[in-house]
Amino acid sequence: MKIHNFSAGPGILPPEVLRKASESALNYNNTGLSLLEMSHRSPEFEQVMANARSLAKELLNLGDEYEAIFLQGGASLQFYMVPLNLLKSKAAYVNTGNWASEAIAEARKVGNVEVIASSEDRKFVYIPSEFDMPKDADYVHITSNNTIYGTQWKSFPQTDIPLVCDMSSDIFSRKIPADQFSLIYAGAQKNMGPAGTTLVVFRKDILGKAGRTLPKMLDYELQYKKDSMFNTPPVFSVYVSMLTMQWIKDNGGIEWIEALNNLKAQFFYDELDSNPLFEGTVDKASRSYMNATFILKNKAIEKDFESMLKQEGISGLKGHRSVGGYRCSMYNALPLESIKVLTNVMREFAHKFA
Ligand SMILES: *Cc1c(COP(=O)(O)O)cnc(C)c1O
């Protein structure tokens, strides 16, 4: 049976990418060696890393004033690494959910943090639209897509203060003004590749101002000066991330993937809004096009819904353990067909139970 993979993370990858990755795990480009047993200093892997770094900048439409590197430690290490490298006197944060709260907690271990806006008052069901940027902040940090709550920034703050963004769950999913940001980071495993690497893209001129001596592994400047290979990089994760970025480029780039993602989200939300049994859990204006969160109004029929999902091969729809309900993750590699299968199940379910 075909499985429709709605997993929130690690998330679905394109079948072409998985096929190529499996071949490379056995014999990389007819070298007779697996990519897994090859030196990271080999010309073959150096080429992979160089391609991955340049594809990331290309898909974000960024120029030479930016660097892209691949690190380890997940987005969670970036919660600490960002303030370590950038925070001198004060940092401003917008709190839009669990991950943003984690980022704030880690930054507070480094220095002075001001939370300039929060949607915690209504359990993170919206993106705050009004806040004052403190003129004296070294940077302001936002989370473009809130994976757990299902909200997403539709436009970004215009500010002279360096803007830093956790884009773990919507990187490369839509056209964004990337040059409005000073630093973007994204754990690979939601929308870009397998777990194990984190993309960090930054303007070079924001570095070197925090005035602290950094451990080598946590120093962006050292990492890019060593071409993202200061120590052994997570070779396979970087390689599969590169294949996914190449897949986006070969199919028509960000415009193509954005159009597909818009179509999937519209398809899903149209069903959600017209179906009498279900209800979205966040404000419509803040709805995420990557993770749609919703509930069954009548909890007594949850088991029936879930067994119907199982019958149709729908996997990974359960909401995050902290919020419950359901979450439809529609990452880049999810085909429209999977959304159609899900919305059909929802419609049939309503015929039976409404
Ligand atoms: C998953 C996620 C994280 C945590 O990523 P790790 O790579 O597991 O550390 C951080 N931020 C967002 C927005 C996420 O979706």
Within segment 93-119, can you find the residues that are in contact (Cβ under 8 Å) with a residue 12 or more places away in the chain and more than 21 Å from the chain's Cα centre (by Cα)?
-> Lys109, Val110, Gly111, Asn112, Val113, Glu114, Val115, Ile116, Ala117
Quick one: would you say Val240 is within 16 Å of the ligand (Cβ to nearest atom) and in contact with a Lys or Arg (Cβ under 8 Å, 6 or more places away or on another chain)?
-> no
Among Leu317, Leu260, the single one that is more than 29 Å from Glu120 (Cα to Cα) and among the aliphatic types (A, V, I, L, M) is Leu260
Every residue from segment 149-198 that is open to solvent by 10 Å² or more (accessible area, probe 1.4 Å), among the hydrophobic types (A, V, I, L, M, F, W, C) and within 11 Å of the ligand (Cβ to nearest atom) | Ala195
Matching entry among Met1, Met38 (being among the aliphatic types (A, V, I, L, M), touching a residue at least 60 places away in the same chain (Cβ under 8 Å) and open to solvent by less than 30 Å² (accessible area, probe 1.4 Å)) = Met38
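For (1) over 30 Å from Met245 (Cβ atoms); (2) assigned to a helix (DSSP H, G or I), each residue gets a yes or a no:
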site: Ala300; (1), (2): yes, yes
site: Phe305; (1), (2): yes, yes
site: Tyr331; (1), (2): no, no
site: Leu334; (1), (2): no, no
site: Glu337; (1), (2): no, yes
site: Val345; (1), (2): yes, yes
site: Glu348; (1), (2): yes, yes
If you go through segment 74-94, how many residues are surrounded by fewer than 24 Cβ atoms within 10 Å (Cβ to Cβ), polar (S, T, N, Q) and within 13 Å of the ligand (Cβ to nearest atom)?
-> 1
Based on what the data block shows, is Tyr289 of a type in the set (Ser, Thr, Tyr), part of a loop (DSSP other than H, G, I, E, B) and within 27 Å of Thr96 (Cβ to Cβ)?
-> yes
Out of all the residues in segment 45-73, which are surrounded by fewer than 18 Cβ atoms within 10 Å (Cβ to Cβ) and either within 16 Å of the ligand (Cβ to nearest atom) or farther than 29 Å from Gly211 by Cα (or both)?
-> Glu46, Gln47, Ala50, Asn51, Ser54, Glu58, Asn61, Gln72, Gly73
With respect to Gln223, determine if the residue is at pLDDT 95 or above, surrounded by fewer than 19 Cβ atoms within 10 Å (Cβ to Cβ) and either under 27 Å from Ala25 (Cα atoms) or not basic (Lys, Arg) (or both).
-> no
Assuming Val110 fulfils every condition listed in (1) among the β-branched types (Val, Ile, Thr); (2) within 16 Å of the ligand (Cβ to nearest atom); (3) in a loop (DSSP other than H, G, I, E, B) apart from one, which condition is it?
-> (2)
Taking Glu271 as meeting all but one of (1) touching a Pro at 6+ places or on another chain (Cβ under 8 Å); (2) open to solvent by 10 Å² or more (accessible area, probe 1.4 Å), write down the number of the exception.
-> (1)
Breaking point among (1) more than 16 Å from the ligand (Cβ to nearest atom); (2) surrounded by fewer than 22 Cβ atoms within 10 Å (Cβ to Cβ); (3) of a type outside the set (Asp, Glu), for Ala105 | (1)
Test Phe294 against the stated conditions and say whether it is open to solvent by less than 30 Å² (accessible area, probe 1.4 Å) and hydrophobic (A, V, I, L, M, F, W, C).
-> yes
Test for Ala210: is it hydrophobic (A, V, I, L, M, F, W, C), open to solvent by less than 60 Å² (accessible area, probe 1.4 Å) and more than 23 Å from Tyr239 (Cα to Cα) | yes
Qualifying residue in segment 128-140 (condition: within 16 Å of the ligand (Cβ to nearest atom) and touching a residue at least 24 places away in the same chain (Cβ under 8 Å)) = no
Breaking point among (1) closer than 22 Å to Ile257 by Cα; (2) among the small types (Gly, Ala, Ser); (3) surrounded by fewer than 20 Cβ atoms within 10 Å (Cβ to Cβ), for Gly11 = (3)
Residues within segment 226-246 that are of a type in the set (A, V, I, L, M, F, W, C) and surrounded by fewer than 18 Cβ atoms within 10 Å (Cβ to Cβ), tallied = 2
Of all residues in segment 80-104, which are over 15 Å from Leu183 (Cβ atoms) and in a helix (DSSP H, G or I)?
-> Asn98, Trp99, Ala100, Ser101, Glu102, Ile104
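The values are calculated or read from the model by the stated rules, or taken from the named source; none is laboratory data. This one's a predicted model, so the numbers in the text were calculated from it and none came from an experiment. Neighbour counts run over all protein chains shown; Cβ positions are idealised from the backbone, glycine included. Just so you know, the surface numbers come from the protein's heavy atoms only, side chains and all, with ligands and any DNA or RNA stripped out. Shrake-Rupley method; radii C 1.70, N 1.55, O 1.52, S 1.80 Å.
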